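Below: the structure, in structure tokens.
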Amino acid sequence: MNIAIPNTNSYFLKDRIDEIVTVLEDSGIILYPTDTIWGVGCDACNPVAIERIYNLKKRDRSKPFVLLVDSIEMLRGYVSSVHPRIETLLSFHSRPLTVIYEQGINLPANAMSSEGTVAIRIAKDKFCQQLIKDLGKPLIATSANISNEPFPANFGEISSAVIQGVEYVVHHRRDDKEQREPSVIIKYNHKGDLTFIRT
């Protein structure tokens, strides 16, 4: 399988993002840095691509992935409602925050849990935001590791099995050695009551 790797000086140019969008639109999967750790991603509205990520990670289908959107406006297109308390929290929370919403909409079944809940985070990383904006749809964001193996804190910790299993490896932040952590995860109900799943 051919792996497209951008050159060092052009990873954030528009034509390079266009190339990644083309891969995503063709049911491809990518390896990219999110606003937390490195992740494997695809078009979150493409059930075929999502299934490919489940296979690559050898992940249990009962464990759905996190989705990334670029804004609250995009978020509203994929959940039945956003409680005002959550909207405020999303605006002011200092760490990346993944929220589990009670009901996803306009998404394939394998992008949500069997109960219809969906975990979504508004990306803070500028590269992710631009990629999502150009794709026009959410991205799947799951840690770049095989299930039950440690998640990679930086690019150098990603296994060759994951790298070789994608169509496109993003160059952005590959030289970043900062040890990053997954996002905070919360769940809320229609009353706005919050439960912290991961802090």
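Measuring with a 1.4 Å probe in the full set of protein chains, what accessible area per residue, in whole Å², belongs to the chain?
On a per-residue basis, the chain sits at 48 Å².
Please give the helix 47-57 orientation as an angle from the longest Cα principal axis of the chain, in degrees from 0 to 90, rounded to the nearest 10.
Helix 47-57 sits roughly 70 degrees off the main axis of the chain.
Averaging the inverse of every distinct alpha carbon separation and then flipping it gives the Kirkwood radius. What is it for the chain, in angstrom units?
16.9
Projected onto the charge dipole of segment 116-199 (+1 at Lys/Arg Cβ, -1 at Asp/Glu Cβ, origin at the Cα centre), which of GLY116, ASN154, LEU139 gives the Cα projection farthest towards the positive end?
GLY116
What is the total of Lys pairs in the chain with C-alpha atoms under 16 Å apart, excluding same-chain pairs fewer than 8 positions apart?
Here the count comes out as 6.
Among bridges DSSP assigns within the chain, what percent are antiparallel (round to 5)?
65
At a probe size of 1.4 Å, how large is the accessible area of ARG59, to the nearest 10 Å²?
Accessible area, nearest 10 Å²: 50 Å².
Which of PHE127, THR88, SER71 sits farthest toward the positive end of the charge dipole of the chain, with +1 on the Cβ of Lys and Arg and -1 on the Cβ of Asp and Glu?
THR88
Can you tell me the dipole magnitude for the chain around its Cα centre, using point charges on the Cβ only (Lys, Arg +1; Asp, Glu -1), in Debye to the nearest 20?
Around 480 debye, computed over the chain.
At 1.4 Å probe size, with the rest of the protein present, what percent of the exposed accessible area of segment 95-194 is carbon and sulfur atoms?
That share works out to 48 percent.
Output ³J(HN,Hα) for segment 65-78: one whole-Hz value per residue in order, computed from phi by the Karplus curve 6.51 cos²θ - 1.76 cosθ + 1.60 with θ = phi - 60°, and x for Gly and Pro.
These are the phi-based 3J(HN,Hα) values: 8, 7, 10, 10, 10, 9, 6, 5, 4, 5, 3, 4, x, 10 Hz.
Between segment 85-105 and segment 109-159, how far is it from one alpha carbon centroid to the other, in angstrom?
Between the Cα centres of segment 85-105 and segment 109-159 lies a distance of 15 Å.
Quick check for me: using +1 on Lys/Arg Cβ and -1 on Asp/Glu Cβ, what's the dipole size of segment 87-199 about its Cα centre, in debye to the nearest 20?
240
The values are calculated or read from the model by the stated rules, or taken from the named source; none is laboratory data. Remember, it's a predicted structure, so these values are computed and weren't measured experimentally. Cβ sites come from the backbone with ideal geometry, for glycine too, and all protein chains shown count toward neighbours. Only protein heavy atoms, including side chains, enter the accessible area calculation; ligands, DNA and RNA are left aside. Shrake-Rupley method; radii C 1.70, N 1.55, O 1.52, S 1.80 Å.
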